[in-house]
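Note sheet for the following structure.
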Amino acid sequence: MRSLFASRYLRLQVWFFLLAMTVQIFFYFLFLWINRSSATQGVSNAFFSTFGLSLHYDLFIASYLSVPVFIFWSVGWIAGRSLDCWRNWLLGYYFLVFSFLIVLLIADLPYYAFFRERITRSVHLWIGSPLEMVKIIFLQPIYYPYLIAFLLSAFLLYRLIRSQVRRQKDSAPILIPTGNRIVVFLFWGLLLFWGMRGGRIYRTIQMKEAFLAGDPFLNQLPVSPAFSYINSLTAFRLQFSDDELAMARVQARLGSHDPGHPFARQVQPSGSPKRFHIVMILLESMSEAVSARLHPGLFPDIVHRIDSIGSRSWYFSNAWSAGIHTCNGVFSSLYGFPAMMQEHPMSTVRAASQTFSGLPGTLKRLGYRTEFFCSHDAAFDNLSTFIPANGFDRIIDRHAFPPEAMSNEWGVSDEFLFERAIASMDSSAALGTPFFTLIQTISTHEPAAPPGNTKYRSSFQTPFEQAYDYTDWCVGRFFETAATRPWYDSTVFVLVGDHGRPFVEDYPAPLAFNHVLLLIRTPGMGDTLRAPINQPVMQIDLFPTIMGILQQPYLNTTPGADVFREPRPYAYFSQDHQLAVVGKDQLYIENKYGSRFLYALDDRSKTNRLEQSLSLADSMAAYAHDALQMTDWVLEHRLAGYPGK
């Protein structure tokens, strides 16, 4: 009869299962309430369908979390063993599982607030800098409510779970006849199996079933953050077609003929070589949407100095970042390769096992002094290892600045960064050495707020507006100072956003997240007013475009193209689990779950036109697929740099 004792723990399993469902349902309504400003009339009309669908995702998670204890309980019951001796193990398992579930549910709230998507494995991008991330989280007051909520929830859950586990030990055994026990065992097992399929009979519930309509918020609402995270652990498929076929198509588009490399082509300019200095300013979260020049009325005139600089520059109004993370912006702008869908480009084995030529390496071979200025610790994003190994003479981070230059947990404020950079440029120019300097700003990073150690006082009202106005002031001040230097007229200045911000949830992949500010200013090549250039441009195009301005011969081993000589029909970019391709008038989006969308950018109804224009969608998809597949091939075969490197 001892086997009957184990049946008491069936009640604990049922209780645990119901608690997992209840917690997820609570966070469904909490998420809906917090993001109520994003809810449209369509959300109200589809509430019952989204809530009903959310129960299927919650059921999937609750069932999978219950399975280990079910198996353990079943073995004990069949073997006639009591589970009382394993009570502490059950307590530990339930507490750890619930703690992890609560972490995902709570972390999803700020994650969605910034990225406009449910939490995914993209949070792993910062695992390489754990101390920096812990410091940032604990030093930013914006995260305090979430930390308090987690600690309080963990404490209450521990007390509740411990109470339930002890109650099962102290309760009387449930005497169930053998035949009935088999029925209970089969019923509970089949119920969990059904739940593990998301309440489906013929197939397991999939992520793409959440895409009910064209409303991005409505498509995100039903998905449990735990389901979103687990589902994102699988890789984005990059093998779209046969390698030889993809290589042939890429080479036809690029005009390359190397049988062993899809991108390699030796570029021989027709003009006289120039040795202009190069200054690239990578602007944190600088979406093109903040420009009042191009989008009057969307925001106050918070970057009017940059807009003024842009009016006398090549200003690209259709420029796109490779991804939605700073590491993508750094890597693609410098080395000419696109974002590889949910991959940290500078922290992988294949990144560490080869040398990337790109702009830094090519300029260094031409005798340039190459320097990278960043505000934070260079260990963040693996910059301290990757950057010096790939074309830069040195990296200058927060440790090179005095304590008074520190503005917040991210390190040095922009004005100190620019002052130090311009002093270094003066030193290089005095030696007669051409320089390539990259300056990575930080003050517009989330949560955007002006630093407390600046004398500049913004006239704008909100911290967000003040942060952008502050960075704009720093950039304007830098150009005013540079204009007094003898090297100014022989310098090419590039201003580019590392990524944007999802200001508007206009499409399943918010365009403002990748639509970035990009301008190239060449004072020595004319200072006249220029109209914005509307052709699609990508960050990966900066390397060949700058080399084209310099008229220097070089080997291009990237899919990037000189925008003045090789205009592209489309730009493509990553939003981790989504791939988007944009032209002048169309937008194509696909995600790793198999859903596809095609939009006309001038269609305010944002109707998915995939079925009506399937051939166009396939053509846009193939353009990006081939480039990504061949980039993956190049990285796998260690062919990203110069031959022999």
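The values are calculated or read from the model by the stated rules, or taken from the named source; none is laboratory data. Treat the numbers as computed from the prediction; the structure is a model and nothing was measured. All Cβ positions, even for glycine, are placed from backbone atoms using ideal geometry, and neighbour counts span all protein chains on display. When the accessible area is computed, the model is the full protein with side chains, heavy atoms only, and any ligands, DNA or RNA have been set aside. Shrake-Rupley method; radii C 1.70, N 1.55, O 1.52, S 1.80 Å.
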Considering amide H positions built from the backbone, and no H for Pro or chain starts, which residues 5 or more places from MET538, or on another chain, come under 5 Å of its amide H? TRP320
Ranking ALA423, SER153, VAL581 by how far each Cα lies towards the positive end of the charge dipole of the chain (+1 on Lys and Arg Cβ, -1 on Asp and Glu Cβ), the top one is SER153
For region 495-645: rounded, prolate or oblate by the Cα gyration tensor [a/c cutoff 1.5]: oblate
With Cα coordinates, the longest principal axis of the chain makes an angle with the long axis of helix 144-170, in degrees rounded to 10, of 20
Only Lys, Arg (+1) and Asp, Glu (-1) charged, at Cβ; region 539-645 dipole about Cα centre in debye: 140
Just the accessible area per residue of region 455-572, please: how many Å² with a 1.4 Å probe? 32
Mind running the shape call on region 398-521? Use the C-alpha gyration tensor, a ≥ b ≥ c as the square roots of the eigenvalues: rounded below 1.5 for a/c, prolate if a/b tops b/c, oblate otherwise. oblate
Region 228-285 - charge dipole about Cα centre, Lys and Arg +1 at Cβ, Asp and Glu -1, debye rounded to 20: 300
Just to confirm my numbers, what's the Cα centroid distance between region 380-400 and region 511-557 in Å? 24
Provide the gained length on full extension for the span GLU566 to ILE71, in nm with one decimal, where the gain is 0.36 nm per separating residue minus the Cα-Cα distance. 172.1 nm
In degrees, nearest 10, the alpha-carbon axis of helix 614-636 is tilted away from the dominant principal axis of the alpha carbons of the chain by 80
Measure nothing but the geometry: give the 0 to 90° angle between the long axis through the Cα atoms of 130-139 and the longest principal axis through the Cα atoms of the chain, rounded to 10°. 90
In region 263-412, carbon and sulfur make up what percent of the accessible area (probe 1.4 Å)? 52
Where a ≥ b ≥ c are root eigenvalues of the Cα gyration tensor, a/c under 1.5 meaning rounded, otherwise prolate if a/b exceeds b/c and oblate otherwise, region 577-645 counts as prolate
Using just the helices of the chain, give the 222 nm mean residue ellipticity in deg cm²/dmol: DSSP H runs with n ≥ 4 each add -39,500 (n - 2.57), and the total is spread over all residues, rounded to 500. -14000 deg cm²/dmol
